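Below is one structure, written out as structure tokens; comments come after it.
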Amino acid sequence: MPFAAADRPSLAAGLLAAAAEEAGFACDVKHFNLTLAKLVGRATYHHLSHELPATVLGCERVFREVLGGEGVTPREEYEREVLSDPVWGAGAASRRALDELRGVAPLFLGLAFGACDWSVYDVVGFTSTFEQTMPSLALAARIKAAHPGVTIVLGGANFEGEMGAPYLNRFPFVDFIATGESDIAFPALLRALEANTEAPPGFLHRGPVSPAARRPFVSLDTLPVPRFDAFYGALDATFPEERGRTWISVEASRGCWWGQVSHCTFCGLNGDGMAFRRKSAGRVLAETDALRERHGNLALAFADNILSMEAFRDLLPAWAARPEKTPKFFEIKSNLRRSQVLALRDAGVTSVQAGVESLSDSTLRVMRKGVSGAQNLALLRWLHEAGLESLWNVLYGFPHEEPASYAETLRLLRAIPHLPPPSAVAPIRMDRFSPNHSDSAAHGFANVKAMPAYRHVFPFDQAERERAATFFRYDHPGMRDALARGGELASEAARWRTAVAEKRAGELAVRPRFPSGTVLVDTRYTKTGTEGHERVRPLQSAELAMLLACDAPISPARAITRVVESAAGDAASAEAALERFVAGEVIARAGDLLVTLALLPLHLDRPPLGRAD
Ligand code: SF4
């Protein structure tokens, strides 16, 4: 259902359909997200599914209005209390997109309901992550009203653990709710329904509930290859011109190996499934080959929360050894070395979401990110040098964040306009399953409550809202200051994005000089016009050696020693170069470490390949 991304098939639906078929059940998959994208237009759909702030539950609200029933709050109240919230609300573009959605939502629901004869199905299942719940419930209500014999099953991240119970209580047309990973439980439920026996563990329902615990699925190699024929069939019928721009959804792992040892305080991604599990490299290769053979030579979007470090030993080299380079997307931990960035490139990885989140050491410590600001800066530069697209964010507003960290982050943001800007600079959102939520007082948060939007969407009482919500509002003593300081960071990023869009962000790079030597080109828009600024200047050997010495994060003393050891200059010239570069933000001082910000030509021999000193 909407608002799943329209540029790739649903991995959950594809996997469960394949599992049902393996168990001997015929299964159709419907991608009504494409129907809605057709009605509202791809651009508006993209805004609704990707840019609308999750905290306003805007799409859910529109479908609550369509579903109706008792207790729908007045729209003006929703707009005042939710959309107009200065921190968690939505801007004019989002309001326009929601108005457009409101105009087509009833028609859409009619089309989805009329798309097939629902009475031919014994079971209709809905998977819901982010804002798919109300569209699912609105359609499920119609199906059940017309065909009471159809069993309605809900599953997905919105019902994980205890979250599902209020939905079962309040929506009588829902029969079963999956409370976790359902690779085994879903086909088991189908068998139980067929045999008219008790439901298996892993579901909430109105019958006797099995006491057996839910467990995350472990043996990923035994999963079926997901079935995506329905998505590409629907895509060819609605947006045939988009076929070549879509992705194939795949997963090489589940859970998070970092979160197992140090759960990032803001992260609610994994729920009960934090334990890291991965497919073997051979299985990933075979599966992606099969999917590309079936659906075309499309890019691969890996849904993994974090790329396995073992992939650098088996999966990535295997891809690198192949002549064809299928574009790939991965989420990565940000303390990779340069050699690992090059391994990604060689394997055909073209786009990554890097877990940067901040450039300040103290804020990164508060988050338990296990990375330094200097490492984050080095990674962003290495990715850019290697030609990979990097998506990253800046989070702020943690109660225990040091005020000085904002000034440091602002300084560093202004120093790197030649790199890709962050997609978002935002106050920390409190998500269920994150340490910030589960242990909120210890992390300095107070007055934690389900976001007000839930009151305007779901017919739940306060206790049910607290049980079902994914997003929570909070307070803390330093919040007002944090929001003001964070606002400066967000404004800086907005200026940066505008400069990029207008192609005037500038560059900072070491370039070869004809007939020999190198120059430093510094046309960063944040620096031009500052006193003593030179746009292009030749580099002395000690200067070039210093830039290379600081390729990876390094201490000042060690950087000077490196330059002296390279015989490019003596200690005095190395120190002078360092002082000049730090003053001009060509080399950044981040915490106790230095790191070069200027793009370095790939052919230049840098001492150790990106190893932090
Ligand atoms: S933010 Fe990323 S690295 Fe941290 S626990 Fe979540 S998935 Fe793991």
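The values are calculated or read from the model by the stated rules, or taken from the named source; none is laboratory data. Owing to the predicted nature of the structure, the values given are computational and were not obtained by experimental measurement. With ideal geometry, Cβ positions are generated from the backbone for all residues, glycine too; neighbour counts draw on all protein chains shown. Surface areas here come from the heavy atoms of the whole protein model, side chains and all, with no ligands, DNA or RNA. Shrake-Rupley method; radii C 1.70, N 1.55, O 1.52, S 1.80 Å.
Some observations on this one:
- Counted by Cβ distance under 12 Å from residue 363, the other residues give a net charge of -1, where Lys and Arg count +1 and Asp and Glu count -1.
- Highest mean first, the peptides 489-496, 529-536 sorted by other C-beta atoms within 10 Å per residue fall in the order 489-496, 529-536.
- Straight-distance crosslink candidates among lysines, where the alpha carbon sits under 18 Å from residue 144 and sequence neighbours closer than 8 are dropped: 30
- Cα radius of gyration and Dmax for region 545-605 (Å): 10.5, 29
- Cysteines without a disulfide-compatible neighbour (Cβ-Cβ under 4.7 Å), the chain: 27, 59, 116, 256, 550
- For region 484-510 and region 2-31, distance of Cα centres in Å: 41 Å
- Residues of type lysines that residue 325 reaches as a straight line, Cα spacing below 24 Å, ignoring anything fewer than 8 places off in the same chain: 279, 333
- Carbon/sulfur fraction of accessible area - the chain, other protein chains in place, 1.4 Å, %: 53 percent
- Between 0 and 90°, nearest 10: helix 571-583 axis offset from the chain longest Cα axis: 50 degrees
- Mean residue ellipticity (222 nm) of the chain, computed from DSSP H runs ≥ 4 via -39,500 (n - 2.57), nearest 500: -11500 deg cm²/dmol
- Note on region 131-191 and region 319-368: Cα centroid distance 36 Å, given to the nearest whole angstrom.
- 5 angstrom amide H check on residue 590, placed H, neighbours 5+ away: 595
- Total formal charge among the other residues, if their Cβ is under 10 angstrom from that of residue 150, Lys/Arg +1 and Asp/Glu -1: -1
- Converting the Cα gyration tensor eigenvalues of region 496-613 into ellipsoid dimensions via √(5λ) gives semi-axes, longest first, of 24, 16, 14 Å.
- Region 147-288: C-alpha gyration tensor shape, a/c 1.5 cut-off, then a/b vs b/c: oblate
- Neighbours of residue 449, meaning other residues whose beta-carbon lies under 15 angstrom from its beta-carbon, give a summed charge of -1 when Lys and Arg score +1 and Asp and Glu score -1.
- Convex hull volume per residue, computed on the Cα atoms of the chain, equals 162 Å³.
- With all protein chains kept in place, the per residue accessible area of region 508-596 amounts to 46 square angstrom at a probe of 1.4 angstrom.
- Reciprocal of mean inverse Cα separation for region 395-490 (Kirkwood radius, Å): 14.9 Å
- A 1.4 Å probe run over region 177-276, with the rest of the protein chains in place, finds 46 Å² accessible per residue.
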